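One structure is given here, and the rest of the page talks about it.
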Amino acid sequence: MTQQPAISLQEAIEQRRAARSFRPDPIPQDTLTEILRLGVRSPSGFNLQPWRFVLVREPQNKEKLRACAFNQPQVTEAPVVLICCGDRRVNSSEYIEETIALGKETGAVNDKYAEFMRGSIPQLFENHPCFESIEAWTNRHTMLAVAHIMIVAKSFGVDSCPMEGFVAAQVKEAFNIPAEVDVCCLLPLGYAKEPFKLYGGRFGLDKVCYGESFGAAFKL
Ligand SMILES: Cc1cc2nc3c(=O)[nH]c(=O)nc-3n(C[C@H](O)[C@H](O)[C@H](O)COP(=O)(O)O)c2cc1C
C-alpha cells in the first residue's frame with residue numbers, strides 16, 4: 001500500500017524543525033523511498049533535475065561524514081544522511097538528450113520543444129543571465145528538492161536537519177564526488193529526540209515582502 005502522510009501539508013510545514021538530535025530508530029524502507037520519490041518531483045529549469053543524493057547509512061561512513069561536518073552529532077545519530085549535491089554537467093548534449101527522451105516518454109516534450117531545448121539550454125549556460133555561476137544554478141535547484149524532501153519527510157513523521165556546517169572539499173574526497181559536482185548541504189533524516197528544538201520564529205510578512213518594488217510597503 002502506498003504511504004500516506006500522517007499529517008496535513010500545513011501541519012508538516014508548521015511542525016518541521018531542524019532536528020539537532022535523533023533517536024536510533026530506522027526509517028522504514030518504503031517510507032524512505034516515498035520521501036525520495038516525492039522529493040524529486042521538485043521543479044527545475046528545463047526539467048534538468050541537477051540534484052544528486054548520496055545516501056549514507058553505514059555507521060563507519062556516518063563517522064567519516066561527521067568528521068567532515070565539524071563533528072556535529074546529528075550526522076552519526078540519524079539513521080540516514082543525504083549528501084545533497086548539484087551536478088554541473090547537466091548542460092552536456094548527452095544529458096540534454098536524456099532529458100528530452102524523458103519528456104517524450106511522458107508526452108510532455110514534442111519535436112518542436114525538443115529543438116527549443118537543444119538550442120536554449122546551451123545558451124542559458126553560456127550567457128547565464130539569471131545566475132552568476134553554474135554552481136549557483138545547481139544549488140538553486142538542489143535546495144528546492146531538499147525543501148520538498150524535508151516537508152514530505154515531516155508529513156510521514158520523519159524529521160530532518162539541513163546542514164551547511166561541513167567542509168565541502170573533505171566531503172567530496174571522502175565520498176568520491178566528482179569535481180563537477182557540488183555539495184549543497186547535508187540532510188540527516190530520522191526521528192528527533194525530545195525535547196524538540198523550539199521554533200525560532202519568522203519575520204513578519206511586512207518585513208520580507210514588498211509591494212511592486214523592492215523596499216515598498218506590502219499591503220494585502
Ligand atoms: C542551508 C541551511 C544550513 C543549515 N546548517 C545547519 C548546520 O550546519 N547545523 C545545524 O544544526 N543546523 C543548520 N541549519 C538549521 C537552521 O539553524 C534552522 O533551520 C534555523 O535555525 C530555523 O529553525 P527551524 O528549521 O527549526 O525552523 C541549517 C539550515 C539551512 C536552511
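Where a number appears in this text, it was derived from the coordinates with a stated rule and is not lab data. Quantities reported herein were computed from a predicted structural model and do not represent experimental measurements. Ideal geometry is used to build each Cβ from the backbone, glycine not excepted, and the neighbour counts take in all protein chains shown.
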Ratio of Rg to Rh over the stretch 1-63 (Cα coordinates, Kirkwood Rh, two decimals) | 0.99
Taking Rh as the Kirkwood radius, which is the inverse of the mean 1/r over Cα pairs, what is the Rg/Rh value for the stretch 113-220?
-> 1.06
Which angle between 0 and 90 degrees, to the nearest 10, do you get for helix 111-127 versus the longest principal axis of the chain when only C-alpha atoms count?
-> 70
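Once R0 is set to 25 Å, what does the formula 1/(1 + (r/R0)^6) return for the Cβ-Cβ distance between residue 7 and residue 210, expressed as a FRET efficiency to the nearest 0.05?
0.20
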What does the convex hull of the Cα atoms come to per residue for the stretch 23-104, in Å³?
-> 124
In nm, spacing of pseudo-spin labels at residue 131 and residue 92 (7 Å Cα→C-beta vector) = 1.7
Using alpha-carbon coordinates, inclination of helix 29-39 to the longest axis of the chain, degrees | 40
Using a Förster distance of 22 angstrom, determine the FRET efficiency expected from the C-beta separation of residue 57 and residue 173, and round it to 0.05.
-> 0.65
Modelled FRET efficiency - R0 45 Å, residue 118 with residue 17, Cβ distances, 0.05 increments | 0.55
Taking the alpha-carbon centre of each part, the distance from the stretch 90-104 to the stretch 174-220 in Å is 30
Classify the stretch 9-208: rounded, prolate or oblate, from the alpha-carbon gyration tensor (a ≥ b ≥ c, eigenvalue square roots; a/c under 1.5 rounded; otherwise prolate if a/b is larger than b/c)?
-> prolate
Quick one: net charge of residue 179's neighbours, Cβ under 14 Å, K/R +1, D/E -1?
-> -1
If packing is taken as the mean number of other Cβ atoms within 10 Å per residue, what is the order of 201-212, 105-116, 177-188, highest first?
-> 177-188, 105-116, 201-212
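With respect to the cross-link table entries 154/219; 112/172; 104/154; 64/154; 172/207, which display a Cα-Cα separation exceeding 28 Å?
154/219; 112/172; 104/154; 172/207
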Averaging 1/r across every pair of distinct alpha carbons in the stretch 181-220 and inverting yields a Kirkwood hydrodynamic radius, in angstrom, of 14.4
Express in nm, to one decimal, how much length is gained between residue 144 and residue 197 on full extension, taking 0.36 nm for each residue of separation and deducting their alpha carbon distance.
-> 16.8 nm
Please report the relative contact order for the stretch 103-220, taking Cα pairs under 8 Å with a sequence separation of at least 6, and give it as a percent rounded to a whole number.
-> 18
Determine the shape class of the stretch 91-155: with a ≥ b ≥ c the square roots of the Cα gyration tensor eigenvalues, call it rounded for a/c under 1.5, and otherwise prolate if a/b is greater than b/c, oblate otherwise.
-> oblate
